[in-house]
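Each value in this text was obtained by applying a stated rule to the coordinates, not by laboratory testing. Keep in mind it's a predicted model, so treat the numbers as computed, not measured. Cβ atoms come from the backbone with ideal geometry, glycine included; neighbour counts cover every protein chain shown.
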Amino acid sequence: ILGWEPKVSRSEGLKITYDYFKSLPEQEIKHKDFTHRNLVYQK
């Protein structure tokens with residue numbers, strides 16, 4: 001319908017995402033609140 005297709009496979013995309021987060025300094029990871037979205041949806 002949209003004429004869109006992914007440029008990378010799911011496994012390649014997950015590896016890219018994993019490598020990105022793994023490369024972040026620990027301070028950057030602790031600074032981000034990855035639970036905020038989950039808390040909003042649980043209310």
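From most to least packed by mean Cβ count within 10 Å, the peptides 18-26, 2-10 give 18-26, 2-10.
Compared with the alpha-carbon gap, the fully stretched path from Leu14 to Glu28 is longer by 3.1 nm at 0.36 nm per residue.
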